[in-house]
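The values are calculated or read from the model by the stated rules, or taken from the named source; none is laboratory data. Keep in mind the model is a prediction, meaning the values are calculated, not measured. Glycine gets a Cβ as well: all are built from the backbone with ideal geometry, and neighbour counts include every protein chain shown. Surface accessibility is based on the protein's heavy atoms, side chains included, excluding ligands, DNA and RNA. Shrake-Rupley method; radii C 1.70, N 1.55, O 1.52, S 1.80 Å.
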Amino acid sequence: MLSSKRNISSDSCATRFDKPANSEAFIDPNTAKSLTLAQETATTRSILYPAHSFKAFFLALSASCAILVWLLAECVPAIEWQTVVSSPAFALVKDAVPAPSVTASPSSILEVFQVYQPVLTPTGLVDETVLEDGSENAATVAQTVAPGRCETLLMEHSFGFSYGIPFVGNYTPPKCKFNRVSMNFTVTSKGRQFDRLALMYFGDTEVWRTSTAEPTANGIRWEYIKDMSEYLYFWNSPQTIIFDLGNLIDDTYTGAFNTTLSATFFTSQDTVDPASMIIPVSARKGASNAASVFTLPAENATNTVAFPRNAIRAVFSVSACGQATEEFWWSNVLQSDVSTFVPVVGTLYGYSPFREVQVLIDGQLAGVHWPFPVIFTGGVVPGLWRPIVGIDAFDLREHEIDITPWLPVLSDGREHTFEIRVVGIVDDGKSGGSLSESVGSSWLVTGKIFVWLDSDSKSITTGKAPTTHLPQPTISLSQSLIQNSTGANETLVYTTDVKRSISISSQVTTQNKTFLSTWTQSLSVTNYGKFIAFGAVQQNNHTTTGLDQSAGGTSYKSSYMYPLYANSSYIVQPSGNFTIEADLMLGLDLSFQGKPVFPTGLQPFAQLPRTASFVSGFSGTSLSTRQNGTAFYFGAPSVGVSSGFGSTAQEFAFRGVDASGAVVDKELYYRNVEAVNSTVVRDFESLVGSEVRSYEVPVKNTGKPQFVKGIVSPKAAIGRGAGAPEQLLVQGGGT
């Protein structure tokens with residue numbers, strides 16, 4: 001077992017981080033002199049900064065030597081280590097396709113992975129885990145026995161020049177009996193390529209949103225296992241599968257994504273209560289074998305729906321993420337400040353670092369989603385995400401909004417409109433602001449309505465129209481601009497604080513009962529932003545918190561916190577060479593009570609003999625994870641090559657909880673992993689308090705930098721500076 005393995009407190013979802021008061025940043029667009037960014041500590045913020053003093057010093061030293069290393073590569077010694085592997089408490093069963101070793105040699109394929117809790121399959125609990133040779137691979141960490149299973153290949157396809165050309169295939173239900181479905185997505189890629197977004201549909205309905213890792217010259221591989229049991233409505237009948245992964249190939253960007261997608265069907269005692277039907281809210285282009293995503297603000301994301309009259313529960317699920325100029329929305333400035341640093345970094349992206357995804361029924365607000373700041377594998381500094389990708393990068397979460405209070409209106413036999421909007425803030429240049437009519441380009445959105453029906457198809461749900469309490473959000477802004485002696489804008493500090501509460505309730509009468517259905521949301525966002533060095537150095541401390549609750553019908557409660565700290569510098573030398581350096585912390589705290597639509601992660605533990613007895617007493621789950629990373633990127637446009645370093649650690653804890661206090665909360669899964677320059681140097685994993693595997697590499701140095709052909713656009717990586725944002729390649733996407 002590794003020493004000092006834990007940082008996440010078992011008593012609280014939040015983790016405290018300590019950060020030095022000052023961090024060094026070397027930049028001056030005119031004289032390339034050294035500057036210091038004085039980081040202000042705000043005691044009212046909900047998180048403190050992560051400690052990276054040693055890593056920041058080491059990577060700054062690496063940055064200053066980058067060109068010398070390039071010319072004298074042999075002066076940098078290779079990695080030397082000793083491997084320490086402890087005996088596992090569980091017998092691991094390797095996946096049928098074992099991955100090559102990550103650390104076997106510099107030319108080996110890189111196994112990329114997302115840290116997440118185990119998923120239930122017919123063989124047991126499967127997780128991406130460290131193996132004896134230090135490689136990462138999907139493996140069964142605890143065995144169970146399923147009565148029977150069958151497998152179906154859904155897709156085997158290479159996405160090369162695939163912009164506007166999604167994969168289209170036919171799905172036929174298997175002949176075996178099943179009440180659970182797990183899906184395996186395995187990808188390989190080699191060469192050079194941007195990260196790409198991918199959306200999977202059953203006809204018009206989006207059922208999964210993922211993204212790719214950026215490949216290397218020697219190649220990468222990743223495997224993601226996902227529980228798809230909430231879509232039994234689709235799995236039980238023939239479907240058209242549309243998988244849209246837009247990609248471009250040219251002389252520089254050569255990497256295709258070779259994919260295999262399969263589904264495994266089986267039965268388990270812990271059954272799912274599937275929706276009776278699922279209604280898409282999308283562009284509805286499935287009949288033309290096309291993707292059905294809406295692109296905002298270019299399009300109007302509205303559908304007219306004829307709702308069933310005998311519904312007893314309805315939940316709207318919204319899928320949304322920013323791309324192109326909206327990829328780093330959390331680092332945007334107030335609209336009045338977008339032109340502050342044009343001479344150095346160009347026009348900044350605006351509408352504030354606040355985004356709200358709205359769901360409207362017949363033009364009335366039914367609920368909101370304040371998005372999680374997903375950072376894709378090309379984001380900020382690419383070296384941060386090899387081989388550990390950003391939180392949720394391989395599985396973008398959807399947000400649930402209970403619309404059961406609207407059933408008396410929706411069940412009246414008429415057609416009703418459902419609309420998705422994305423808004424930011426337009427400020428007055430001082431301390432006030434209001435929700436904007438639009439945002440930048442682009443947000444990709446779809447929705448779907450999970451509907452549970454009364455057993456009597458002739459029954460009609462009735463009741464009263466919902467009573468709504470929908471005050472405008474409270475918006476508090478500040479901004480301060482400092483100029484140098486010549487009148488040039490040098491420093492900008494801005495804050496954004498937004499609070500909102502929503503309450504919607506109605507009396508609903510179904511065939512079997514009458515109840516008061518209530519949906520409430522309470523949300524808060526705080527963002528502290530600071531630019532120095534004429535816009536070249538930026539700091540953001542961003543936190544979203546929320547509490548969603550449904551009562552009266554099917555009980556559901558979700559609380560969440562998304563802390564993010566990013567400090568990035570963009571340095572341009574007179575020669576045109578540039579560097580990007582970043583210090584980043586990204587976190588996710590998420591808890592569920594009751595019955596959400598999507599799996600909570602508790603279901604697999606109900607199948608283990610050693611955990612089934614106490615898991616049955618849990619009323620919910622709690623997930624808490626933090627990523628801390630530091631990375632450096634050097635680009636030489638004159639010779640068309642680049643290099644980089646990176647180090648990222650992640651701690652992940654998943655617990656079963658009982659709100660009543662009758663059952664003691666218990667940690668079910670824990671992982672603490674760290675990677676330096678594409679090499680896993682430390683990995684500890686435990687299941688229900690017992691060690692599954694531990695692995696450690698005492699690294700003496702971080703090896704040679706990898707110089708590759710091609711240059712990342714600073715605008716695409718950090719949202720400011722030279723170049724253009726990453727091109728939007730999802731089918732149907734506007735510009």
### Query
Tell me, which residue of region 160-199 that is part of a strand (DSSP E or B) and of a type in the set (A, V, I, L, M) is nearest to TYR231 (Cα to Cα)?
VAL181
## Note on the structure
Those residues of region 481-498 which are open to solvent by 60 Å² or more (accessible area, probe 1.4 Å) and assigned to a strand (DSSP E or B) amount to LEU481, ILE482, GLN483
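Of the residues TYR570, TYR565, only one is under 30 Å from GLY635 (Cα atoms), open to solvent by less than 20 Å² (accessible area, probe 1.4 Å), at pLDDT below 95 and not basic (Lys, Arg); which?
Result of the check over TYR570, TYR565: TYR570.
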### Task
Confirm whether ARG180 is at pLDDT below 95, among the charged types (D, E, K, R), open to solvent by 20 Å² or more (accessible area, probe 1.4 Å) and in contact with a Phe, Trp or Tyr (Cβ under 8 Å, 6 or more places away or on another chain).
no
### Message
For region 573-590: of the residues being modelled with pLDDT of 95 or more and of a type in the set (Gly, Ala, Ser), which is nearest to SER331 (Cα to Cα)?
### Response
ALA582
### Summary
SER436 fails exactly one of (1) in contact with a helix residue (DSSP H, G or I) (Cβ under 8 Å, 6 or more places away or on another chain); (2) of a type outside the set (Asp, Glu); (3) surrounded by fewer than 18 Cβ atoms within 10 Å (Cβ to Cβ), namely (3)
### Summary
Of those in region 380-433 that are small (Gly, Ala, Ser) and closer than 30 Å to TYR633 by Cα, the residue most open to solvent (accessible area, probe 1.4 Å) is GLY383
### Query
What is the residue count in region 638-695 for residues that are over 30 Å from ILE580 (Cβ atoms), outside any strand (DSSP E or B) and either without any contact (Cβ under 8 Å) to a residue 40 or more places away in the chain or out of contact with any strand residue (DSSP E or B) (no Cβ under 9 Å at 6 or more places or on another chain) (or both)?
5
### Message
I want to confirm something. Restricting to region 633-653 and keeping residues that are modelled with pLDDT of 95 or more and among the hydrophobic types (A, V, I, L, M, F, W, C), which single residue is nearest to GLY601 (Cα to Cα)?
### Response
ALA653
## Note on the structure
Within region 335-360, the residues that are more than 20 Å from the chain's Cα centre (by Cα) and surrounded by 21 or more Cβ atoms within 10 Å (Cβ to Cβ) are ASP337, THR340, PHE341, VAL344, VAL345, LEU348, TYR349, GLY350, TYR351, SER352, VAL359
### Query
Does THR377 satisfy the condition of being of a type in the set (S, T, N, Q), closer than 30 Å to ASP683 by Cβ, touching a residue at least 12 places away in the same chain (Cβ under 8 Å) and open to solvent by less than 10 Å² (accessible area, probe 1.4 Å)?
yes
### Message
Yes or no: region 617-629 includes at least one residue that is out of contact with any Leu (no Cβ under 8 Å at 6 or more places or on another chain), in contact (Cβ under 8 Å) with a residue 12 or more places away in the chain and open to solvent by 10 Å² or more (accessible area, probe 1.4 Å).
### Response
yes
### Message
Taking the criterion of being surrounded by 20 or more Cβ atoms within 10 Å (Cβ to Cβ) and farther than 30 Å from ALA659 by Cα, would at least one residue in region 513-527 satisfy it?
### Response
yes
### Message
Please go through region 224-268 and give me each residue that is touching a helix residue (DSSP H, G or I) at 6+ places or on another chain (Cβ under 7 Å) and either of a type in the set (D, E, K, R) or over 25 Å from GLU419 (Cβ atoms) (or both), ordered by number.
### Response
THR240, SER268
### Task
Those residues that are at pLDDT below 85 and assigned to a loop (DSSP other than H, G, I, E, B), I need them from region 597-611; list them, please.
LEU608
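Go through region 509-522 and give me each residue that's farther than 15 Å from ALA366 by Cα and in a strand (DSSP E or B).
Those that are farther than 15 Å from ALA366 by Cα and in a strand (DSSP E or B): THR509, THR514, PHE515, LEU516.
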### Task
Within region 579-596, track down each residue that is hydrophobic (A, V, I, L, M, F, W, C) and crowded, with 23+ Cβ neighbours inside 10 Å.
ILE580, ALA582, LEU584, MET585, LEU586, PHE592
### Task
Look through THR216, THR188, THR210 and report the one residue that is touching a residue at least 24 places away in the same chain (Cβ under 8 Å), of a type in the set (Ser, Thr, Tyr) and in contact with a Gly (Cβ under 8 Å, 6 or more places away or on another chain).
THR188
#### Entry: Selected residue (criterion: modelled with the highest pLDDT) from residues of region 680-735 that are open to solvent by 20 Å² or more (accessible area, probe 1.4 Å) and of a type in the set (Ser, Thr, Tyr)
SER690
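Can you pull out every residue in region 455-480 that is assigned to a loop (DSSP other than H, G, I, E, B) and either touching a helix residue (DSSP H, G or I) at 6+ places or on another chain (Cβ under 8 Å) or buried (at least 19 other Cβ atoms within 10 Å of the Cβ) (or both)?
Matches in region 455-480: THR461, LYS464, ALA465, PRO466, PRO473.
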## Note on the structure
Checked region 185-196 for anything surrounded by 21 or more Cβ atoms within 10 Å (Cβ to Cβ) and either on the phi > 0 side of the Ramachandran plot or in contact with a Leu (Cβ under 7 Å, 6 or more places away or on another chain) (or both); matches are PHE185, ARG196
